1. Whose amide H sits under 5 Å from the amide H of T246, counting only residues 5 or more places off or on another chain, with H placed in the peptide plane?
2. Just tell me which aspartates and glutamates come within less than 15 Å, Cα to Cα, of K205; anything on the same chain fewer than 8 places away is out.
3. On a full-extension model of 0.36 nm per residue, what is the gain between I146 and N235, subtracting their alpha-carbon distance, rounded to one decimal in nm?
4. When the chain is fully extended, how far beyond the present Cα-Cα distance does L17 get from E254, taking 0.36 nm per residue of separation?
5. Any lysines with Cα under 22 Å of the K198 Cα? List them, leaving off those in the same chain fewer than 8 positions away.
6. State in Å² the accessible area per residue of segment 153-221; use a 1.4 Å probe, count heavy atoms of protein chains only, and round to the nearest integer.
7. Sort 70-76, 80-86 for me by packing, meaning the mean count of neighbouring Cβ atoms within 10 Å per residue, highest on top.
8. Jot down the radius of gyration and Dmax of segment 84-237, Cα atoms only, both in angstrom.
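The values are calculated or read from the model by the stated rules, or taken from the named source; none is laboratory data. Note that the structure is a prediction, hence the values are computed from the model and not measured. Every residue, glycine among them, receives a Cβ derived from its backbone with ideal geometry; neighbour counts consider all protein chains shown. We work out accessible area using only protein heavy atoms, side chains counted, and drop any ligands, DNA or RNA first. Shrake-Rupley method; radii C 1.70, N 1.55, O 1.52, S 1.80 Å.
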Amino acid sequence: MVGINFETLRFAEPQYLWLLVVPGALLFGWFWQLAARRRDARRYRQHRRLPVRERFPIFGSLVFWLCLILASAAVIIALARPTATASLVRTAGVDLVVLQDGSASMRTEDVPGGNRWRRSMRFLRVLGESLAWRDDRMAMALFAHIAAPQVRLTKDPNTYFFFLDHLGSDSPFRMEDDTTWDTNIELGIAWGMRLIEKDTEIYGKSPNAKAFVLVTDGQAWSGEVARALKIARTNDVPVFVVGGGTTLGGLIPEPPRKPNDTTPREPPIRAVLDRASLVQIATAGGGEYQELDREGDREIANTIIDATRRRAGSRGLQAANEELYWRFLLAAAALVTLGLVFLQERAELWLQAAGGAVALTLVWTLTR
């Protein structure tokens, strides 16, 4: 928060303000008591003869009563629900572009709860649930040998989760197609950059921090990944890599055969997690490498979002209505605490306890 414009001060419940007459009258009585105390002090000095000059505190226990009066006034103002226009520094959000591997190796069943594809879909759901979605946006593109963008950068979580629901069971790339049996990471990153460029072309440059979330097993990857990573780094878009699968691996399911296909079957292909290559891609891309089932999904999602959010810029100053009642309640509590320091008699302590009970009752009435 930069500042509050008190010229815009308004009260949502102004009917409580008339109660300020009570602490106002008590404050007038307090000054009368202070004047009487000073007169008594001067009279004592004139009529009492002591070998040592006698000192009288200026306020004495009156400080306690002053704090109690001011605290009651602060509580009354809080009851009136003051609001004012405040200038806020609004931090930009994050733009996450998910690059999901949809190649044949993602059908390998070597992970808990199904194959690699379904496991990655569960993670992407957690990633979406971890976003604030106020200024945050997400996009998604699938890739194998070819790429297929699914979701343009959007602030609507329903759009993102709609596609996850329809992609949850299987990849849209068919096993019968030769293009499914390749992992062209370069093309996936290139399509991610096209999604960002298209958003800039339509809506203008966004202050949101951008990042790629590459979800893949790295099996049989192709393309000039170094060139794509260089373009991403040039545009300040780090690549966070999330590996799915195991280093032990498993067999890729055979594609369905055509009814009249009599050709001999190809030997089964074992797909393993290429961890070393994925770590290298994450390092070259300026991001981090995470691995499903080695860390929790929520932990991985928060790590990616937090690292991206730290790079976010500012959306500038934003005017917003600020509730000020809690500031007055805090001031009342501070005044009551200060008054305790000047208590001298037990009766005053009981009065302070009673005043605190009344203040708590008012706070409960205000916030229920």
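1. Long-range HN contacts for T246: L273.
2. Partners found: D95, D135, D136, E197, D236.
3. Between I146 and N235, full extension yields 29.8 nm more.
4. Extending this stretch completely gives an extra 77.5 nm.
5. K155, K210, K230
6. It amounts to 47 Å² per residue over segment 153-221.
7. The densest-packed peptide leads the list: 70-76, 80-86.
8. Expressed in Å, the Cα Rg and Dmax of segment 84-237 come to 16.4, 64.
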